[in-house]
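Below: the structure, in structure tokens.
The values are calculated or read from the model by the stated rules, or taken from the named source; none is laboratory data. Owing to the predicted nature of the structure, the values given are computational and were not obtained by experimental measurement. Using ideal geometry, Cβ is built from the backbone for each residue, glycine included, and neighbour counts are taken over all protein chains shown.
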Amino acid sequence: MVTFEEIVEKAKSLKNPPTKEDFLEFYGYYKQATVGDCNIEEPEDEEKKARYNAWKSKAGLTIDDAKAYYIEVYKKYVAQSE
């Protein structure tokens with residue numbers, strides 16, 4: 001079985017970079033899996049705010065669930081980009 005950490009490394013070297021929407025989905029699950037619930041104030045910068053919202057939308061997920069969702073998003077993305 002492939003681990004979350006291995007999938008994260010694979011995601012970093014995707015041949016086709018994800019769209020902004022896909023990136024934000026990866027980002028939200030990654031932050032939830034590695035930090036837990038969002039623990040920062042909402043930034044004013046639009047790009048940072050998008051990342052903040054992606055992470056905040058995953059609030060309440062356990063670390064293990066967030067890791068599992070990240071892996072599923074990766075598999076879905078790779079299947080779509082082939």
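Below, the figures for the structure above:
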| item | result |
| --- | --- |
| Matching residues, the stretch 19-36, being in a helix (DSSP H, G or I) and farther than 17 Å from ASP65 by Cβ | LYS20, GLU21, ASP22, PHE23, LEU24 |
| Test: residue in the stretch 30-39 that is free of Cβ contacts under 8 Å to residues at least 24 places away in the same chain, closer than 16 Å to THR62 by Cα and out of contact with any helix residue (DSSP H, G or I) (no Cβ under 9 Å at 6 or more places or on another chain) | yes |
| Breaking point among (1) part of a loop (DSSP other than H, G, I, E, B); (2) without any contact (Cβ under 8 Å) to a residue 40 or more places away in the chain; (3) over 13 Å from the mean Cα position of the chain (by Cα), for ASN16 | (2) |
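Results for (1) out of contact with any Ser or Thr (no Cβ under 7 Å at 6 or more places or on another chain); (2) surrounded by fewer than 12 Cβ atoms within 10 Å (Cβ to Cβ); (3) modelled with pLDDT of 95 or more, shown as yes or no for each residue.
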site	(1), (2), (3)
THR3	yes, yes, yes
PRO18	yes, no, no
LYS31	yes, no, yes
ASN39	yes, yes, yes
ASP45	yes, yes, yes
LYS48	yes, no, yes
ARG51	yes, no, yes
LEU61	yes, no, yes
VAL78	yes, no, no
